[in-house]
Amino acid sequence: MDAESHSPSTLMSLLVAWRRTLFIASPAYWALQAAVFIGSILLSATLLQKIVGSGGASSQAWIARMALESWVFFLITHAGLRPALRLFFLGQVPRWPAWLALLGWIVVLALLSLGATLAIDSLKLMQAGTITSVRFNSEGAEFGVSIEGAQFYVLAVANLASTLCVWTALYLGWHAFRQRRRLQQQVRQARLDQLTRQLNPHFLFNAFNTIRGTIFEDPQRAADLVTQLSELFRFHLSQAERSTQTLEEEWRLAQRYLAIEQARLEQRLRVNVDLDPVCLSRSLPSLALLLLVENAIKHGIAPRPEGGELLIRARPQADHWWLEVVNPLCPEAQPDGTRTGLANLRERLQLGYGDAARLELQALTTQFRARLCLPWRSNGEGA
């Protein structure tokens with residue numbers, strides 16, 4: 001039931017826009033109208049069974065009449081009320097004169113609905129009685145109240161107008177809920193995009209620091225590192241800007257970063273990769289693996305004269321899967337530089353997966369482990 005606001009300035013444009021709204025409706029709208037149509041028939045059949053009895057031509061005629069009147073109600077709401085709501089209320093902030101005009105239009109539609117009902121009666125298409133008065137009697141009392149004539153028709157119009165007001169409230173309320181939900185999704189996606197973009201300068205700063213350290217020691221190696229960095233960013237930019245990527249895509253990106261670090265650290269960096277193939281198609285926040293690898297090398301391997309082994313491992317487990325990066329524990333390293341990146345990643349996990357995902361950091365006896373626990377769902381099903 002997505003809506004587009006229109007501001008028709010002429011009668012012709014108003015009619016064109018009004019007609020266009022008749023063909024713009026979501027499956028949810030048609031399902032709701034069908035439910036109201038069928039429900040009104042069933043309710044009328046249940047009530048009228050107590051009045052005219054069950055079975056017989058009279059009962060069937062009443063049900064047919066109620067079906068016809070339900071169809072009239074559908075036409076009134078779909079062709080008369082809904083276009084007015086879409087054109088002048090959805091996506092706008094109407095003032096009180098607009099609400100008064102809407103109330104007046106609802107009364108007009110109620111009169112049209114009553115007129116259509118009287119026209120059906122005058123055609124005598126079916127052998128069904130017509131309700132023209134209502135009488136309320138108190139059991140055991142000698143008095144009662146009878147509503148007939150003009151009073152009855154006023155009551156009928158008021159009842160129809162009230163029903164149309166309820167329909168209007170439900171329709172506008174549903175759209176307000178959908179709009180609020182869509183806005184929340186847009187805000188969440190914007191925040192995810194912002195957090196993802198924050199990681200690019202963070203990584204670029206550290207990569208240039210790596211290259212700067214080798215410029216004077218080995219210019220040729222520095223040139224090779226620039227080439228690797230170029231390849232790294234070419235691969236990264238070739239990917240669509242998404243808040244999530246598959247583990248396979250993340251690993252390809254991390255490989256290019258590892259090539260840069262391998263050229264700098266040489267034998268001091270030993271990489272052990274153990275990724276279960278079934279996890280390669282799983283999704284995780286973009287640049288998450290690169291962040292964990294970067295932190296592991298910067299704070300667990302690079303400060304050690306002897307270097308160390310970097311373990312990257314992924315495994316499925318029950319209804320989720322986990323990805324961990326393990327590096328030697330280096331007490332001398334200062335972890336302050338990781339706080340921004342890890343806080344960024346935690347926020348992205350919360351926005352994209354809620355409580356279904358978490359980041360665990362654990363200092364073991366001789367190792368430091370960072371583990372991502374993620375729900376078992378395909379890429380694109382998350383944020």
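At-a-glance table
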{"quantity": "ALA318, sole failed condition from (1) more than 21 Å from ARG252 (Cβ to Cβ); (2) touching a Leu at 6+ places or on another chain (Cβ under 9 Å)", "calculated": "(2)"}
{"quantity": "Close pairs from region 171-183: first under 16 Å from PRO83 (Cα atoms), partner surrounded by 14 or more Cβ atoms within 10 Å (Cβ to Cβ) and β-branched (Val, Ile, Thr), Cβ under 9 Å, at least 6 apart", "calculated": "TYR171/THR77"}
{"quantity": "Test: SER162 is modelled with pLDDT of 80 or more, open to solvent by less than 80 Å² (accessible area, probe 1.4 Å), of a type in the set (Ser, Thr, Tyr) and more than 30 Å from PHE88 (Cβ to Cβ)", "calculated": "no"}
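Condition check ((1) at pLDDT 75 or above; (2) open to solvent by less than 20 Å² (accessible area, probe 1.4 Å); (3) under 31 Å from the mean Cα position of the chain (by Cα)) across all residues:
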position: LEU42; (1), (2), (3): yes, no, no
position: LEU47; (1), (2), (3): no, no, no
position: ALA67; (1), (2), (3): yes, no, no
position: ILE76; (1), (2), (3): yes, no, no
position: ARG95; (1), (2), (3): yes, no, yes
position: LEU100; (1), (2), (3): yes, no, no
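The values are calculated or read from the model by the stated rules, or taken from the named source; none is laboratory data. Everything numeric here is computed off the predicted structure, so don't read it as measured data. A quick note on method: Cβ atoms are made from the backbone with ideal geometry, for glycine too, and the neighbour counts reach across all protein chains shown. To get the accessible areas, we keep the full protein, side chains included, count just its heavy atoms, and leave off ligands, DNA and RNA. Shrake-Rupley method; radii C 1.70, N 1.55, O 1.52, S 1.80 Å.
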